[in-house]
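Student: Quick one: this structure, given as structure tokens, is what I'll be asking you about.
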Amino acid sequence: MPPTHDTAPSNLWVVIPAYKEAARIRTTLAELLPRVSNIVVVDDGSPDGSGAAARSFGVWVLRHPINRGQGAALQTGIDFALLRGASVIVTFDADGQHDPADIPAMLAPLAAGEADVALGSRFLGHTIGMPLSRRIVLKLAVLFTRVVSRIKVTDTHNGLRAFTRTAAQAVRIRQDRMAHASEILDEVRRLGLRYREVPVTVRYSAATLEKGQSSLNAVRIAWQFLIGKVVK
């Protein structure tokens, strides 16, 4: 039986960064709301009404006046959730790739006191519709992270994560754009936070593949991350 508002922690917050997701965020929120009552969507300067679409569901909506990037949107949402008293924070993509049914498994190691951070892994779990080219890019990203950040994970760029309040306060995202995914793992290792990878499902569609990271973008993200480590 899926968890309801009565079984989910009352102090659980879900943070959703959104940019040009008006066509997909409605489905994402419709799937999430039966399970989670505290949701904040950060509209990252979208020109397409993403914020208005989210607001129609009665969730909290914050807006960046300009597009700053997913990392910046996540930090804005996490800061807001902490101010609202969150003791557990889950980050969740707006585009429908994640399955809300995976949230209880993400929360379990935190609730048991076994981890400070839970990291979703599609390679320990399942993927639906992922092309070989995307699999290769993601596997190379894992290798890059293991070498540069020295943290052993199976999935680097997975937006489904869970943080205890203490971990969310400690991890600071300074990389505004997509390099934030590697930066978060770098912070987990640097701060000595306990982490657990959790098998999850990631669903691909033509639309999400089109907006996803190309091989060239993956190189740019790696470069941004390395520069960020130098100037931090």
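The values are calculated or read from the model by the stated rules, or taken from the named source; none is laboratory data. Computed from a predicted structure; not experimentally measured. FYI the Cβ positions are ideal-geometry reconstructions off the backbone, even for glycines, and counts take in every protein chain you see. To get the accessible areas, we keep the full protein, side chains included, count just its heavy atoms, and leave off ligands, DNA and RNA. Shrake-Rupley method; radii C 1.70, N 1.55, O 1.52, S 1.80 Å.
Student: Find how many whole Å separate the alpha carbon centroid of region 9-82 from the alpha carbon centroid of region 147-211.
Tutor: Here the two parts' Cα centres lie 18 Å apart.
Student: Also, quick follow-up: If amide H atoms are built 1.01 Å from N in the plane of the peptide, which residues on other chains or at least 5 residues away come under 5 Å of the amide H of residue 197?
Tutor: 119
Student: Please report the carbon-and-sulfur percent of the accessible area for the chain; probe 1.4 Å, protein heavy atoms only, DNA, RNA and ligands left out. If you can, show how the numbers build up before the last one.
Tutor: On the way: 6020 of 10540 Å².
Solvent-exposed carbon and sulfur of the chain make up 57 percent of the total.
Student: Averaged over all directions, how much area does the convex hull of the C-alpha atoms of region 81-200 cover when projected, in nm²? Let's see the in-between values first.
Tutor: Working: hull surface 30.0 nm².
Here the figure is 7.5 nm², rounded to one decimal.
Student: Still on this structure, I have one more. Send over the per residue convex hull volume for region 76-143, Cα only, as a whole number of Å³.
Tutor: Details: hull volume 9.2 nm³, N = 68.
Enclosed volume per residue, from the Cα hull, is 136 Å³.
Student: To continue, here is another question. Would you calculate the volume per residue, in Å³, of the smallest convex hull containing every Cα atom of the chain? Before the final figure, lay out each step's value.
Tutor: Working: hull volume 27.3 nm³, N = 232.
Each residue corresponds to 118 Å³ of Cα convex hull volume.
Student: Measuring from a point 7 Å past the Cα of residue 194 along Cα-to-C-beta, which residues in region 111-127 have an amide N at less than 17 Å?
Tutor: 111-119
Student: In addition: How much length is gained if the chain between residue 11 and residue 52 is pulled fully straight, taking 0.36 nm per residue apart and subtracting their Cα-Cα distance, in nm to one decimal?
Tutor: Working: separation 41, 0.36 × 41 = 14.76 nm, distance 2.51 nm.
Full extension of this stretch gives 12.3 nm more.
Student: What does a probe at residue 26 reach in region 50-77, counting residues whose amide N is under 14 Å from the point 7 Å along Cα→Cβ?
Tutor: 50-58, by backbone N distance to the label point.
Student: Now a separate question. Provide the per residue accessible area, probe 1.4 Å, for region 1-143, rounded to a whole number of square angstrom. Don't skip to the end; give the middle numbers.
Tutor: Working: 6070 Å² over 143 residues.
Heavy-atom SASA per residue in region 1-143 reads 42 Å².
Student: Let me ask something else. In Å and from the alpha-carbon atoms only, list the Rg and Dmax of region 29-124.
Tutor: Cα only, region 29-124: 14.0, 42 Å (Rg, Dmax).
Student: Quickly rank 116-127, 70-81 as a protection proxy: mean count of other C-beta atoms within 10 Å, highest first.
Tutor: On the way: 116-127: 21.2, 70-81: 23.0.
Answer by packing, highest mean first, reads 70-81, 116-127.
Student: So if we plug the beta-carbon distance of residue 126 and residue 83 into 1/(1 + (r/R0)^6) with R0 = 45 Å, what FRET efficiency do we get, rounded to 0.05?
Tutor: Values: r = 35 Å, r/R0 = 0.78.
Once rounded, the FRET efficiency stands at 0.80.
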